Amino acid sequence: MCRNITVLRGLEPAATPEEVTAAARQYVRKVSGVTTVNEPARAAFEAAVEEVAAATAKLLETLPPRKQPPTTVPPLRRPSVRARIAAKEAAAAKG
């Protein structure tokens with residue numbers, strides 16, 4: 001499916017709502033073929049992200065624990081990604 005979506009089950013500490021939403025956003029982008037959301041599609045896109053995030057959170061809550069943690073670190077836990085997000089937010093605040 002989408003190689004960019006990381007495994008969230010079994011993370012220590014558990015996946016945050018922000019990580020669940022980021023994974024949902026990647027999924028919705030992939031299945032919709034939308035990379036940049038325009039204004040006419042924004043409401044439908046964001047509603048889909050919310051629904052997928054809710055379903056994902058429910059799934060993670062109900063699955064039994066993993067015996068081993070995932071082999072990859074979610075992007076939002078990587079310092080380089082956090083730095084890139086912070087720089088983008090700082091630039092947007094100045095702009």
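If a residue has to be assigned to a helix (DSSP H, G or I) and without any contact (Cβ under 8 Å) to a residue 24 or more places away in the chain to count, how many in region 60-95 make the cut? Qualifying residue count for the region: 18. Take Ala53 and decide whether it is free of Cβ contacts under 8 Å to residues at least 24 places away in the same chain and in a helix (DSSP H, G or I). The answer is no for Ala53. Selection within region 1-44: residues that are among the hydroxyl-bearing types (Ser, Thr, Tyr) and not in a loop (DSSP other than H, G, I, E, B). The member of this set that is farthest from the chain's Cα centre (by Cα) is Ser32.
Take the conditions (1) hydrophobic (A, V, I, L, M, F, W, C); (2) surrounded by 12 or more Cβ atoms within 10 Å (Cβ to Cβ); (3) at pLDDT 90 or above; Val34 misses just one of them, which is (3). Reported count of residues in region 45-78, each being over 13 Å from Val20 (Cα atoms), under 16 Å from the mean Cα position of the chain (by Cα) and exposed (fewer than 12 other Cβ atoms within 10 Å of the Cβ), is 2.
The values are calculated or read from the model by the stated rules, or taken from the named source; none is laboratory data. Everything numeric in this text was worked out from a predicted model, so none of it was measured. Don't worry about glycine lacking a Cβ; one is built from the backbone with ideal geometry, like all the others, and counts go over all protein chains shown.
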